[in-house]
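Chemist: Shown below is the structure under consideration.
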């Protein structure tokens, strides 16, 4: 992967076949995407699926070249599936699709999904109806909403243009904030939208070494940060997520330099929050990743089974890494920027930050206070 500046290649450029569920074919939004894509189209029945040679997960690399436009027949809007053993930020997930054309070695979706192809839900009238009902039912509550739980928020946006529909909708909601989290630089559709400060554009960041070796078809650090700088110039607030933090030779200098590059590129005052999370994974992911990416070695480091059933670095190792990164972040971040852990326990909070979330009213309250401009 190169480290050239923005614009970065579009990760969705690997898609070679569009599959359309028969019951979605006549939707205006489906036809809009078909026309924009220029891809060959295969119509599939309600119970049919794209035919990808091989079995999962061995056919996952090939499956990422296939995009299925279909209906979501379940709920679009759900709480983040956190666990009671670790502090959760009370994030609300808006599910717009499944899987991602990028290919990160550590991606938990490899062990969570069972289909190799990409899916995007085109019954967006149902999505907006459900979202309106949920927001209207609790008008006094602030909903922090993200679309990046089961897919990347923007990696298909050049094809779907979904941000053009979602961002103005959220702009009109008095009790909602949208976070679009990505590893791409697909921000072109955001430039002229009326966002009213209610959309935060966010990037997952890592050490340049990890980004180059373990995050395939993603934008480089320079490309992500240049995209963030542009979004800030368009009036968007920003967020960044150092997650997963991965132990590797030279990690201290690598993460320190990434943070310095971040603040040399992006105005600190534009950043709403920055999260940190050390590598954690379902035990089944190790075998899947090892078979797909045999050159990667970080899964063979020492780990312990956490209370949530995921494997994590030992506490002492996590604290050491967090302290280095938090110390550097505090040197540069604006005072109003919320620094927080994703899914860590109170002991880690106390050892690294010197307080627990309960001392500040909880993680959700900390994040709500950081949205000071609303």
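Chemist: Using a 10 Å cut-off around each Cβ, can you sort 308, 26 from fewest to most neighbouring Cβ atoms?
Modeler: Values: 308 15, 26 8.
Placing the least packed residue first, the sequence is 26, 308.
Chemist: Now for a separate question. I need 339, 60 ordered by Cβ neighbour count within 10 Å, fewest first.
Modeler: Working: 339 18, 60 22.
So the ranking, lowest neighbour count to highest, is 339, 60.
Chemist: Can you bin the stretch 133-178 into rounded, prolate or oblate? Criterion: square roots of the alpha carbon gyration tensor eigenvalues sorted a ≥ b ≥ c, rounded for a/c under 1.5, prolate for a/b above b/c, oblate for the rest. Write out the running numbers ahead of the final one.
Modeler: Numbers: a/c = 3.10, a/b = 1.89, b/c = 1.64.
Judged from the Cα gyration tensor, the stretch 133-178 comes out prolate (a/c at least 1.5, a/b above b/c).
Chemist: Measure out, as a whole number of angstrom, how far apart the alpha-carbon centroids of the stretch 350-374 and the stretch 127-157 sit.
Modeler: Between the Cα centre of the stretch 350-374 and that of the stretch 127-157, the gap is 22 Å.
Chemist: A follow-up question, please. Once the cut-off is 18 Å, how many percent of the Cα-Cα pairs in the stretch 93-179 end up in the long-distance tail? Don't skip to the end; give the middle numbers.
Modeler: Numbers: 1734 of 3741 pairs.
For the stretch 93-179, the fraction of Cα-Cα distances above 18 Å is 46 percent.
Chemist: Then there's this: Counting only DSSP beta bridges with both residues in the chain, what percent are antiparallel, rounded to the nearest 5? Show your work: numbers first, answer last.
Modeler: On the way: 12 of 51 bridges.
For the chain, the DSSP antiparallel bridge percentage is about 25.
Chemist: Sticking with this structure for a sec: Between residue 140 and residue 51, what is 0.36 nm times their sequence separation minus the Cα-Cα distance? Round to one decimal in nm. Each step should come with its number before you reach the end.
Modeler: Values: separation 89, 0.36 × 89 = 32.04 nm, distance 4.68 nm.
Length gained, residue 140 through residue 51: 27.4 nm.
Chemist: Another question, then. Which value in Å is the Kirkwood Rh of the stretch 293-341 over different Cα pairs? Before the final figure, lay out each step's value.
Modeler: Numbers: mean 1/r = 0.0755 Å⁻¹.
In the stretch 293-341 this quantity evaluates to 13.2 Å.
Chemist: Take every DSSP beta bridge whose two residues both sit in the stretch 250-374, then give the antiparallel share in percent to the nearest 5. Show your work: numbers first, answer last.
Modeler: Values: 4 of 8 bridges.
Taking every DSSP beta bridge with both residues in the stretch 250-374, the antiparallel ones total about 50 percent.
Chemist: Using 17 Å as the cut-off for backbone N distance, which residues of the stretch 298-331 belong to the label zone defined by a point 7 Å from the Cα of residue 282 along Cα→Cβ?
Modeler: Residues passing the 17 Å test: 305-312.
Chemist: Then there's this: What would the Debye formula give as log10 I(q)/I(0) at q = 0.24, 0.32, 0.34 Å⁻¹ for the alpha-carbon point model of the stretch 260-301, no solvent?
Modeler: Once normalised to I(0) and log-transformed, intensities are -0.80, -1.21, -1.26.
Chemist: Something else about it: What order do you get for 90, 126 when you list them from fewest to most C-beta neighbours inside 10 Å?
Modeler: Working: 90 18, 126 14.
The order, fewest Cβ neighbours first, is 126, 90.
Chemist: Further, regarding this structure: How big is the shadow of the Cα convex hull of the chain, averaged over all directions, in nm²?
Modeler: Result: a mean projected hull area of 17.5 nm².
Chemist: Between the stretch 261-319 and the stretch 231-259, what is the separation of their alpha carbon centroids in Å?
Modeler: Each part reduced to its Cα centre gives a spacing of 13 Å.
Chemist: Taking only Cα atoms and a 10 Å spring cutoff, compute GNM fluctuations for the chain and point out the largest among 341, 120, 293.
Modeler: 293
Chemist: May I ask you to order 311-319, 43-51 by the average number of other C-beta atoms within 10 Å around their residues, highest value first?
Modeler: Numbers: 311-319: 17.3, 43-51: 12.6.
Per-residue Cβ counts within 10 Å, averaged per peptide and sorted highest first, yield 311-319, 43-51.
Rule-based calculations on the coordinates, nothing more; no lab input. Small disclaimer: the values here were computed from a predicted structure and weren't measured. Quick reminder, even Gly has a Cβ in these numbers, built from the backbone with ideal geometry, and neighbours come from all protein chains shown.
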